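Colleague: Following this message is one structure expressed as structure tokens.
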Amino acid sequence: QVQLVESGGGLAQAGGSLRLSCAASGRIFSGYAMGWFRQAPGKEREFVAAISWSGSRTYYADSVKGRFTISRDNAKNTVYLQMNSLKPEDTAVYYCAARSSWYPTLDVGFDYWGQGTQVTVSS
């Protein structure tokens with residue numbers, strides 16, 4: 001079992017930046033691929049970014065590519081999402097996720113979820 005706790009959400013202006021953190025505890029964190037998802041009001045949850053267990057591979061949704069960066073520190077059991085050039089459409093609850101099994105792509109198969117952190121971007 002893996003427990004995930006997000007932090008770093010809040011209010012930002014369009015064009016600004018925020019950095020989300022996700023602290024993991026429980027089973028071996030370094031063996032898990034990690035991801036970030038988001039859900040805006042009235043919309044389905046969508047994939048944002050993911051990183052392999054070693055950190056050597058990353059994958060991003062087209063909507064955030066070039067603006068967001070995912071990274072991880074296995075020594076600290078923490079994954080990060082640096083969000084730059086924020087837009088009002090980035091407003092959502094952001095969820096950290098972990099997966100224990102291998103899949104050919106990084107955007108599927110997540111079976112552990114955090115509670116989420118709110119990100120609000122004003123225009």
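The values are calculated or read from the model by the stated rules, or taken from the named source; none is laboratory data. Note that this is a predicted model, so its numbers are computed, not measured. All Cβ positions, even for glycine, are placed from backbone atoms using ideal geometry, and neighbour counts span all protein chains on display. Ligands, DNA and RNA are excluded from the accessible area calculation, which covers all protein heavy atoms including side chains. Shrake-Rupley method; radii C 1.70, N 1.55, O 1.52, S 1.80 Å.
Colleague: Counting only Cα atoms, I'd like the Rg/Rh figure for the chain, Kirkwood definition for Rh.
Modeller: Rounded to two decimals, Rg/Rh equals 0.94.
Colleague: Shifting gears a bit: Would you calculate the volume per residue, in Å³, of the smallest convex hull containing every Cα atom of the stretch 40-91?
Modeller: 94
Colleague: Starting from the Cα-Cα distance between ASP73 and GLN115, subtract it from 0.36 nm times their residue separation and give me the gain in nm to one decimal.
Modeller: Taking 0.36 nm per residue and subtracting the Cα distance, the gain is 13.1 nm.
Colleague: Pick from ALA50, ALA12, ALA75: which residue has the top mean-square fluctuation in a GNM of the chain where Cα pairs under 10 Å get a spring?
Modeller: Looking only at ALA50, ALA12, ALA75, the largest GNM fluctuation is found for ALA75.
Colleague: How about the stretch 1-94: which GluC sites (Glu not before Pro) there are in a DSSP loop, with at most 10 other Cβ atoms within 10 Å of their Cβ?
Modeller: Qualifying residues, ordered by number: GLU44.
Colleague: Write out the trypsin sites (Lys or Arg not before Pro) in the stretch 35-88 meeting two conditions: DSSP loop, and at most 13 other Cβ atoms within 10 Å of their Cβ.
Modeller: Filter output for the stretch 35-88: LYS43, ARG57, LYS65, LYS76.
Colleague: Applying 1/(1 + (r/R0)^6) with R0 = 41 Å to the Cβ-Cβ distance of LYS87 and SER30, what FRET efficiency is obtained, to the nearest 0.05?
Modeller: E(calc), rounded to 0.05, equals 0.80.
Colleague: Rounded to the nearest percent, how much of the accessible area of the chain (1.4 Å probe, protein heavy atoms only) is carbon and sulfur?
Modeller: With neighbouring chains kept in place, the figure for the chain is 48 percent.
Colleague: What are the semi-axes of the equivalent ellipsoid for the stretch 57-123, taken as the square roots of 5 times the Cα gyration tensor eigenvalues, largest first, in whole Å?
Modeller: Semi-axes (√(5λ), whole Å): 22, 14, 13.
Colleague: Hey, can you find the accessible area per residue of the chain for me, probe 1.4 Å, expressed in square angstrom?
Modeller: With all protein chains present, the chain gives 52 Å² per residue.
Colleague: Just to confirm a number: summing +1 for Lys and Arg and -1 for Asp and Glu over residues other than GLN82 whose beta-carbon lies under 11 angstrom from that of GLN82, what do you get?
Modeller: +2
Colleague: Shifting gears a bit: Hey, how many Å between the Cα centroid of the stretch 86-123 and the Cα centroid of the stretch 7-77?
Modeller: 6
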